[in-house]
1. How about region A:261-285: which of its residues are open to solvent by less than 10 Å² (accessible area, probe 1.4 Å) and either under 15 Å from A:Ser199 (Cα atoms) or β-branched (Val, Ile, Thr) (or both)?
2. Among residues belonging to region B:227-260 that are open to solvent by less than 10 Å² (accessible area, probe 1.4 Å), in contact with a Ser or Thr (Cβ under 6 Å, 6 or more places away or on another chain) and modelled with pLDDT of 90 or more, point out the one that is nearest to B:Glu168 (Cα to Cα).
3. Restrict the check to region B:89-100 and report whether at least one residue is within 29 Å of B:Gly236 (Cα to Cα), touching a strand residue (DSSP E or B) at 6+ places or on another chain (Cβ under 9 Å) and assigned to a strand (DSSP E or B).
4. Report whether or not A:Ala45 is among the small types (Gly, Ala, Ser), closer than 23 Å to A:Gly172 by Cα and assigned by TED's automatic domain parsing to the domain that holds A:Ile148.
5. Based on this model, can you work out whether B:Gly388 counts as small (Gly, Ala, Ser) and more than 8 Å from chain A (Cβ to nearest Cβ)?
6. Of the conditions (1) within 14 Å of chain A (Cβ to nearest Cβ); (2) assigned to a helix (DSSP H, G or I), B:Asn146 fails just one. Which one is it?
Number of protein chains: 2
Amino acid sequence: MKKISGGVCAAKGFTASGIHCGIRKDKTKNDLSLIYSEKPCTAAAVYTTNLVKGAPLTVTKEHIKNGIAQAVICNSGNANTCNADGIEIAEKMSALVSENLPISAEDVVVASTGVIGQKLDITPIQEAVPTLCKSLSKSGNDDAANGIMTTDTVDKQIAVSFELSGIECTIGGMAKGSGMIHPDMATMLVFITTDVAISQEMLQKALSTDIQNTFNMLSIDGDTSTNDMVTVLANGMAENEKITSDNDDFKTFMKALNSVTVGLCKMIAADGEGATKMLECNVSGASSKSVAKAVAKSVICSSLLKAAMFGADANWGRVLCAIGYSKADVDVNKIDVSFRSSKGEIKVCENGHSIDFSEEKAKEILLENEIEILVDLKDGEFSSSAWGCDLTYDYVKINGDYRT
Amino acid sequence: MKKISGGVCAAKGFTASGIHCGIRKDKTKNDLSLIYSEKPCTAAAVYTTNLVKGAPLTVTKEHIKNGIAQAVICNSGNANTCNADGIEIAEKMSALVSENLPISAEDVVVASTGVIGQKLDITPIQEAVPTLCKSLSKSGNDDAANGIMTTDTVDKQIAVSFELSGIECTIGGMAKGSGMIHPDMATMLVFITTDVAISQEMLQKALSTDIQNTFNMLSIDGDTSTNDMVTVLANGMAENEKITSDNDDFKTFMKALNSVTVGLCKMIAADGEGATKMLECNVSGASSKSVAKAVAKSVICSSLLKAAMFGADANWGRVLCAIGYSKADVDVNKIDVSFRSSKGEIKVCENGHSIDFSEEKAKEILLENEIEILVDLKDGEFSSSAWGCDLTYDYVKINGDYRT
């Protein structure tokens with residue numbers, strides 16, 4: 001498996017485009033994106049469990065009920081959520097794509113991201129879709145990745161190539177962060193494309209399994225969004241033998257998918273609102289997978305630990321505190337905690353108690369911008385990772401006045 | 001019922017003291033406090049559910065197993081948690097009190113608050129306890145309330161007097177905030193004193209019932225502390241007919257206790273780390289009490305809403321979002337949301353959808369320092385309140401470098 005460029009356009013048969021149509025005031029960022037496959041795709045998706053759901057999710061669910069999609073349209077700057085005419089607007093967005101490309105409106109995945117509860121004016125989208133469709137290209141992935149950004153400071157793209165029984169295949173993806181991120185059985189907006197031939201059932205299985213250990217283990221601020229979804233479109237153009245069961249090719253596909261989703265998780269975490277550091281909590285020695293996950297997630301979500309990491313303060317008591325309230329069944333008197341970065345690794349807590357360590361060395365390690373928090377529960381064989389970021393002045397600044 | 005001064009010394013027979021003994025570097029704040037009752041008290045307590053528990057909690061639990069206590073010693077500046085010698089140190093603190101007052105070490109409630117995982121040196125405490133005991137006085141409540149403060153900017157005291165069958169009784173209390181506050185079946189440090197005569201069983205029932213709707217509905221930052229507890233000491237010196245059942249006197253006592261606990265909740269919320277605003281979420285029209293509580297707590301805990309409140313931004317979409325992920329069974333298409341303060345009230349969302357409202361008026365309301373978020377679920381008769389504060393630059397500042 002190797003990393004390649006091209007994002008959502010890396011796989012055979014996929015093109016993309018993105019433009020500024022006027023939903024956002026800031027003209028330096030695109031606000032409307034399109035992904036298109038020249039052949040119909042098998043489609044799988046997972047959605048937010050927030051009871052307040054963006055209208056585009058309702059429309060997308062309906063559209064891919066038959067397991068088929070061929071295009072994705074997504075705007076930023078407005079979530080089209082909690083609006084009385086939300087469904088109508090989302091349906092119009094699909095219809096506009098259908099009018100300009102040789103596909104049915106029912107084969108369009110629709111997504112929106114941005115402010116909740118403000119009416120989404122269809123006019124700028126209506127005016128822009130013809131151009132958006134005409135400008136679809138194999139190098140349009142950058143424009144598309146740019147068009148789904150909200151408070152993101154960088155776009156998030158990844159692609160890998162790998163072989164299935166000797167046939168070269170590709171998976172690519174793009175994602176947007178960067179606040180209201182605390183996925184629960186789903187995630188933020190992620191669009192994944194692949195040329196692998198795979199049944200809808202196995203594609204959905206791959207996605208639903210993978211997100212349990214990737215996007216569902218990511219938290220920026222504890223707020224599960226109303227508009228989260230991840231979709232995968234697979235157009236089969238790699239011409240591999242179609243995956244229809246849990247065979248070796250499926251396992252290889254799962255690995256490739258996982259490298260894409262973990263890569264996007266880390267990018268989203270690193271670009272969390274206001275973040276200066278990407279945090280990864282690696283829990284080992286757990287008595288079960290669920291204990292490992294609960295502990296990793298609890299640590300990564302602690303506001304106090306996040307603020308301590310911003311200050312490069314080796315305040316491991318906050319790690320123990322977060323483990324203690326995680327509801328996971330752990331023996332707190334066995335826990336070891338270390339911090340690791342490119343500057344080295346330092347143990348700061350052993351068997352749940354304080355030990356002597358060099359504050360100077362700890363500071364040096366924690367001043368880096370990618371920090372691992374290592375928790376060994378010494379109680380079994382299970383492990384888990386979770387990703388997040390530090391809590392900074394800029395998070396407050398960004399969210400203290402987001403709408404105006 | 002009327003508010004009176006005196007805090008934990010307001011009730012008959014209670015005295016208190018507080019001094020700076022040297023655990024904290026900052027000499028302008030006390031770091032060691034004592035409360036004493038001239039007669040033995042019926043004692044009740046609730047403790048944090050965090051699996052990582054401060055050693056003082058273990059010792060206190062053991063000491064009040066027989067339902068009796070006569071003094072409280074509490075230090076700030078060090079939580080005495082995750083230390084190998086924690087229990088020993090906490091026992092020494094009790095023993096020191098016993099050596100200087102005519103009571104047994106087993107009748108002392110011990111508490112500590114501050115940094116986790118740093119050894120607590122007994123020496124300064126040992127040197128200070130004789131003076132601490134000698135300086136006990138009826139006006140020592142201010143010194144004592146000062147001595148339990150950590151990052152608190154103001155001390156938190158309250159007292160009320162009320163009548164039980166014609167006999168004047170008093171309840172007073174003191175609390176410390178102001179970070180790592182997300183109580184779960186317990187709370188931060190709160191010491192309540194009363195001269196009411198009441199059985200241990202009924203006192204524990206009163207406390208355990210009350211906290212479900214008071215301290216358990218308070219969150220500053222989502223982090224449940226390792227050292228939380230609330231204790232009530234009742235010395236019976238009001239000479240009312242002893243409360244031993246759920247009679248009218250018990251109901252009156254519950255009301256008085258509730259006015260003390262709600263008062264302390266609001267003080268803690270208003271003085272949350274870095275807070276500029278106290279937030280109160282009042283949920284009405286819920287189909288059950290548990291729905292009302294889940295919704296109120298979820299709204300008050302949302303980092304995004306907390307940041308919006310700091311910016312006086314009427315971003316009601318974040319209220320809806322937090323209700324949506326609360327796991328409570330609500331009909332999101334029925335929800336009304338309003339904001340209220342001393343400057344008035346404004347409805348910003350009706351039936352889960354956006355409505356026109358004056359942004360200018362909303363700003364004026366939200367610029368005040370006590371904000372109510374009113375959520376009407378229009379689905380039943382139950383209601384609940386929760387308290388919290390805004391998320392500010394100073395929260396990050398305080399917690400980015402707490403230990404040094």
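The values are calculated or read from the model by the stated rules, or taken from the named source; none is laboratory data. Keep in mind it's a predicted model, so treat the numbers as computed, not measured. Ideal geometry is used to build each Cβ from the backbone, glycine not excepted, and the neighbour counts take in all protein chains shown. Just the protein is used for accessible areas: all its heavy atoms, side chains included, with ligands, DNA and RNA removed. Shrake-Rupley method; radii C 1.70, N 1.55, O 1.52, S 1.80 Å.
1. A:Thr261, A:Ile268, A:Val283
2. Checking each candidate, the answer is B:Ala234.
3. Among the residues of region B:89-100, not one is within 29 Å of B:Gly236 (Cα to Cα), touching a strand residue (DSSP E or B) at 6+ places or on another chain (Cβ under 9 Å) and assigned to a strand (DSSP E or B), which makes the answer no.
4. yes
5. On the way: small (Gly, Ala, Ser): yes; more than 8 Å from chain A (Cβ to nearest Cβ): yes.
In short, yes.
6. Answer for B:Asn146: the failing condition is (1).
Results for (1) assigned to a helix (DSSP H, G or I); (2) at pLDDT 85 or above; (3) buried (at least 22 other Cβ atoms within 10 Å of the Cβ), shown as yes or no for each residue.
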residue: A:Ile171; (1), (2), (3): no, yes, yes
residue: A:Met174; (1), (2), (3): no, yes, yes
residue: A:Ile181; (1), (2), (3): no, no, yes
residue: A:Met185; (1), (2), (3): no, no, no
residue: A:Glu201; (1), (2), (3): yes, yes, no
residue: A:Thr209; (1), (2), (3): yes, yes, no
residue: A:Asn216; (1), (2), (3): yes, no, no
residue: A:Ser225; (1), (2), (3): no, no, yes
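Yes or no, residue by residue, for (1) farther than 27 Å from B:Trp316 by Cα; (2) part of a helix (DSSP H, G or I); (3) in contact with a helix residue (DSSP H, G or I) (Cβ under 9 Å, 6 or more places away or on another chain); (4) free of Cβ contacts under 8 Å to residues at least 24 places away in the same chain:
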{"residue": "A:Ile220", "(1), (2), (3), (4)": "no, no, yes, no"}
{"residue": "A:Thr231", "(1), (2), (3), (4)": "yes, no, yes, no"}
{"residue": "A:Ser245", "(1), (2), (3), (4)": "yes, no, yes, no"}
{"residue": "A:Lys251", "(1), (2), (3), (4)": "yes, yes, no, yes"}
{"residue": "A:Glu280", "(1), (2), (3), (4)": "yes, no, yes, no"}
{"residue": "A:Ser290", "(1), (2), (3), (4)": "yes, yes, no, no"}
